1. So what's the gap between the Cα centers of the stretch 74-125 and the stretch 175-214, to the nearest angstrom?
2. About its Cα centre, what dipole magnitude does the stretch 64-146 give when the only charges are +1 on Lys and Arg Cβ and -1 on Asp and Glu Cβ, stated in debye to the nearest 20?
3. If each of Asn183 and His157 carries a label point 7 Å out from its Cα toward its Cβ, how far apart are those two points in nm?
4. Students often check this: by mean Cβ neighbours within 10 Å, which of 120-130, 55-65 ranks highest, and how do the rest follow?
5. Hey, quick one: spin label on Asp253, modelled 7 Å out along Cα-Cβ, who in the stretch 82-97 has an amide N within reach, i.e. under 14 Å?
6. So, R0 is 35 Å and r is the distance between the beta-carbons of Asp206 and Thr54; what FRET efficiency does that work out to, to 0.05?
7. Kindly flag which residue pairs out of Lys82/Lys243; Lys67/Lys243; Lys98/Lys243; Lys98/Lys169; Lys70/Lys243 have an alpha-carbon separation exceeding 22 Å in this structure.
8. Based only on the alpha carbon positions, what is the Kirkwood hydrodynamic radius of the stretch 47-100, in angstrom?
Amino acid sequence: MKQKNRIWIYSLILIVFVLMLTISCKKKDPNSDSNSSINDPIPTIGVVFNPNLTYGTVTDIDGNVYKTIKIDSLTWMAENLKTTRYRNGDQIPNVTDKDAWYNLASGAYCDYDNNVNNSKTYGRLYNYFAVVDTRNIAPSGWHVATGVEWGGQLLIHYGGSMYAAPYLKEVGTTHWGSSNNGNNESGFTALPGGGRTISWGSSSFDNQGSFGGWWCICEPSYVGPFMMMAYIDEVTSDATNLKRGYSVRCVKD
């Protein structure tokens, strides 16, 4: 009888050990509110697209599905990029530490405020090293928008940088704020996703709700995000530091 009790006790201990080992081995995104993998797709939540236009779709390597819109001769993503991997499947590091981000010299992404729920609406932020990595951050058949595509085609199509902003910005005040003049006639649905700025050896998140910055690929060596301000009726470009974090829009090849 004592031997049977010992066997039962040993079996129970073994079961508990296996359960604990299984739980400890599960991988969980520290910024996620679920047990899903860091590479799992995340839904688009709260974005107001133009109901009068017909959108297409494109899917990235993580399975995120984006609305797309044709503007003039180009087909654009109508949402900001969310991928956590390069096109070949290699992981893009998710760097949450503010000092570690500043010291990077290679590709990385983050969620604004290190909160994945922000990325469900605004997409993710990437440094420029990720944008120009030869493994390619864009979905197959697409590329990160170039300076010519931004300034020479998209903005010019709507009268230039002094006039284009309302046509590109999401309608309403849910994301842009009370003074938003956006009509989103283009379907581009630009959002104020903010950015990750750097200073004094560290980094910080700022301006979500009032500013949107998008990296562009420019030639021959000019580097800069195109920026859209919530309270200024203008889209402008500016040179910036490669270590900052901005949104990404892609264009169909």
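1. 15
2. For this selection, approximately 300 debye.
3. Distance between the two pseudo-spin positions: 1.7 nm.
4. 120-130, 55-65
5. The answer is 87-88, whose backbone nitrogens lie closer than 14 Å to the label point.
6. E(calc), rounded to 0.05, equals 0.50.
7. Beyond 22 Å between Cα atoms: Lys67/Lys243; Lys98/Lys169; Lys70/Lys243.
8. 13.3
The values are calculated or read from the model by the stated rules, or taken from the named source; none is laboratory data. In this text the structure is predicted, and so the values were computed from the model without any measurement. Every residue, glycine as well, gets a Cβ built from its backbone with ideal geometry; the counts of neighbours run over all protein chains shown. These accessible areas exclude ligands, DNA and RNA; they are computed on the full protein's heavy atoms, side chains included. Shrake-Rupley method; radii C 1.70, N 1.55, O 1.52, S 1.80 Å.
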